[in-house]
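The values are calculated or read from the model by the stated rules, or taken from the named source; none is laboratory data. Worth saying up front: this structure is predicted, and the values here are computed from it rather than measured. With ideal geometry, Cβ positions are generated from the backbone for all residues, glycine too; neighbour counts draw on all protein chains shown.
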Amino acid sequence: MIPYYNELTEEEQAEVTKTIALLQSQTFVLERRYDRKTARYQYNKEYRICEKHLEFLTEYFSIAGIDLIENRQYGVMALRGNQLMGDKISKLTTIFILLLKLVFEEKMNSVSNSVHVYVSLNEIYDKIHLFRLWDNKAIPITELKRTIAVLRKFQIIELLESDGEINGETKLIVYPSINLLLSAQEVRNTITQYQESEEEEDDNLSGDDENVSEQLALY
């Protein structure tokens, strides 16, 4: 492994080092990301670097008991392993992850040739009410913004437009990385858990919340 790295040019070494840090900080690297300036999907240089040095990177992370997984169907590189330290995410962020996965699966099951899904905040709100996942109080805008920031950091969503206030009409792009977080059964179990504890105003992480957190890398 070390000889391979030493044989790279200085530029290639810098690229590999940067990509390792990127994976460690955000868990996922996407093949294509939405560029709000051009309103188009752009190929991601770091994904190509992962592909080019995949064997080396796989061995590198395996030393720490972490798997680097390439999902070619969705164009996603992802870290997986019990050794990952999970971000402590809020109840609202967990709820969004659960519902975004449901939305992704629903829309992918419809006639669609794209791996990217679009959803408005109103659609998410409707599901929150449908499954009784939040009390009757309005979701604080500051908490909503924090949730969106976390999900963007981990390459799970992107805002379709860069300007304007965040409101119910705000459109989100749901990246295919959401499909690599939790199984359908885990989603159902966690939703059921929230429904059963609906009246408890407690933002502490449950076991299933931690399951979500453990899949979002924090080093």
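Please specify each residue of segment 27-40 satisfying the condition of being farther than 21 Å from Gly164 by Cβ and modelled with pLDDT under 95. Within segment 27-40, Thr27 is the sole residue that qualifies.
Tell me, yes or no, whether segment 39-53 has at least one residue that is buried (at least 17 other Cβ atoms within 10 Å of the Cβ), at positive phi and of a type outside the set (Asp, Glu). No, the conditions are met nowhere in segment 39-53.
Out of all the residues in segment 138-160, is one or more hydroxyl-bearing (Ser, Thr, Tyr) and buried (at least 18 other Cβ atoms within 10 Å of the Cβ)?
Yes - at least one qualifying residue is present in segment 138-160.
Please specify each residue of segment 13-38 satisfying the condition of being surrounded by 14 or more Cβ atoms within 10 Å (Cβ to Cβ) and aliphatic (A, V, I, L, M). Passing the criteria: Val16, Ile20, Leu22, Leu23, Val29, Leu30. Restricted to segment 16-126, the set of helices (runs of 4 or more DSSP H) holding at least 2 residues that are in contact (Cβ under 8 Å) with a residue 60 or more places away in the chain and under 30 Å from Asn189 (Cβ atoms) comprises 91-109.
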